Every structure is written in C-alpha cells, then in structure tokens.
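To keep things clear, I will list the structure first and then write my remarks on it.
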Amino acid sequence: MKNTNIVSSNTVAHKPIAYCLYRVSTVGQVDKVKNDIPMQKEECREFAARHDWIIGKEFLEKGVSGFKVSAENRDAIQELKIAAIKGEFQILLVFMFDRIGRIDDETPFVVEWFVKHGIQVWSTQEGEQRFENHVDKLMNYIRFWQASGESEKTSIRIKTRMQQLTAEGVYTGGPVPFGYCTVRNGRLNKKGREVLDIAVEPRESEWVKKLYKLTINEGWGSYKLAMYLNDNGMRTHGGAKFQSESVIRILRNKMNLGYARNSEQELPYLPHLQIIDEITFERRGLFSISVPKALRTSGR
C-alpha cells in the first residue's frame, strides 16, 4: 500500500479536502511502466476538480482483493480511519464503491463508519452514499451484496476456465513438474497472445522412469535416489540439488500417468503426458487409483 501527499489539509482552508483510495485486486492490473493505478487516479482527480475539492492524499492498494482481505487487515483503510478521527479530510473519494471492498457483511459497515464520523463517501461513477433514511441503508447493503456476488461469479468463471485449459494440456502457471517442460504449439488466447503447452521432456522423463525402477527393483529410498540424481548432475527446475522431499513429489505425481492436475482436482487423462504405466505406479505403493482398462498395459 502506498499513499501520496498532494497538499496538507491546511493548504486551502475554504475548500473541502478529499482523500482518494485506489485499489486493484491483482498486481497484474498495475501499470507496469508507472507502477501505478492511472485510470482510477485520473477519474478521481478530474471528479475532484469539477467539484472544486482539494485532494489531500491518495492511497494505492496494489494487488489487494476487496473480496478476500478484511478491512481490518488493509493498511489503507486503517490509515483512512485514523485520518478521519483526526479530522484531516472531509471526503473519501473512490472510482467505484467496490474499491472500498466487496465483502457483503463487512464493507457496508465500513462505509457507514466513515459517514458517522463526518466523512462524505463519494464514487465518481455512483455519486454520494448517504444514510439519511432506511432506503439509503438498504441501497448501501444491496450494493455490496451485489459486489460480493460479482466477485464470487468472477472467481467461478476463472476457476472453471483454468480447469478447462489444464485439461487441454495448456500451461496455466506455477512450477512445471520434473519430467515435463513447456512448449510453443501456436496456441493463442482470446487476446491473441501465445500460450504454452505442457509436454514430456525426453531426458528428464527417462530419469523419472529410472527412479521408479530403482525404487521397485532395488528398494532404493528417496534419500539415495536424490543423491543419485545429484551425483549425475541432475538439478530441479529451480536449479537446486534434489532432496528426499523433491524425489517423493516426483514419485507421487499422477501426471506421470498422464493425468493433468491443478491444485484442487485431478483432470482428464492426456495420453501425450504419460511417462509410466499404472502397474509401475501402483507397485511403488503410493496410491490406489482407477485407470481405464485400455491404459493398464500402456507404458512408456
């Protein structure tokens, strides 16, 4: 969180002082060149100028989810509350009210707290949030209930699409397991940008097969296997030496059977990702899984 001082609260005594809050949920939404949130800032500055307000401070929250992060854990909200109690400003200005937050059972009360402490809360797109009657309060609650619902729907859409991409063998980020690599196959996303696919890495996949064979046929443990890899010049994708834990992760990885996985579930079988057969996997005694009969004798 970053805050920028524009003027002191005593610069122009006869004009209201506005403090602005800008927030984006992911760091990817931050302007990489300016390290800033320019769209919201420009809108708020223009809005303040039209109303003849003086902007005192600007608070930037980069990569802070208004749906997942409580107001009590957001430095900007807490600093704004302290400033409100001290009487430093009269107006809290945001691009849209959901920049204050999207938690339906919390954010409405945050807005109401500022109003009760003498702060006008304004959005450049939605005007002022008042609390003069029951209808005002109801509209305040409904607004953030809708914002919370939009966040949930967005989260579901993203999660579903990520699962679909993973099921297609598309690289969606995160560590690439040992035995695999990313390749360019000419795929483009909706924005016309190239995306990567996951593929078997020929040299590493042979080492994966060796690990299973040495475990099953020679009874080697994970420590000995790690030393064997290290002694032969192999390294993890992060460039580190192998440890027992990293070897165990390799042997337990169902992707070796051709099952693409994300962090939450096992996805459909992709034959081009299979390195070992089910019998080999099960003989290691790591898992008992159900694999289609047609695959029970297929190995690499």
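Only one residue in E128, E112 is charged (D, E, K, R), in contact with a helix residue (DSSP H, G or I) (Cβ under 8 Å, 6 or more places away or on another chain) and at pLDDT 85 or above, so which one is that? Full working, then the answer.
On the way: E128 fails: in contact with a helix residue (DSSP H, G or I) (Cβ under 8 Å, 6 or more places away or on another chain).
Answer to the check: E112.
No other residue among A76, A18, A48 is part of a strand (DSSP E or B), closer than 25 Å to G118 by Cβ, modelled with pLDDT of 85 or more and aliphatic (A, V, I, L, M) apart from A18. Note on the stretch 111-143: residues that are assigned to a strand (DSSP E or B), surrounded by fewer than 19 Cβ atoms within 10 Å (Cβ to Cβ) and small (G, A, S) amount to 1. Total residues in the stretch 182-202 satisfying the condition of being free of Cβ contacts under 8 Å to residues at least 24 places away in the same chain and over 16 Å from I276 (Cβ atoms): the figure is 13.
When the residues of the stretch 56-107 are narrowed to those that are within 26 Å of the chain's Cα centre (by Cα) and β-branched (V, I, T), which ends up surrounded by the fewest Cβ atoms within 10 Å (Cβ to Cβ)? Out of the qualifying residues, it is V69. Against the conditions (1) under 37 Å from the mean Cα position of the chain (by Cα); (2) assigned to a helix (DSSP H, G or I), V195 satisfies every one except (2). Answer with yes or no whether S290 is hydroxyl-bearing (S, T, Y) and either modelled with pLDDT under 90 or not in a helix (DSSP H, G or I) (or both). Spelling it out, S290 is indeed hydroxyl-bearing (S, T, Y) and either modelled with pLDDT under 90 or not in a helix (DSSP H, G or I) (or both). Sub-6 Å Cβ pairs linking a first residue in the stretch 62-89 that is basic (K, R) to a second residue that is in a loop (DSSP other than H, G, I, E, B), at least 6 apart or interchain, are K62/V30, ordered by first then second residue.
Scanning the stretch 89-129 for residues that are touching a strand residue (DSSP E or B) at 6+ places or on another chain (Cβ under 7 Å) and among the acidic types (D, E) returns a single hit, E128.
The values are calculated or read from the model by the stated rules, or taken from the named source; none is laboratory data. What you are looking at is a predicted structure, and each value in this text was computed from that prediction instead of being measured. Don't worry about glycine lacking a Cβ; one is built from the backbone with ideal geometry, like all the others, and counts go over all protein chains shown.
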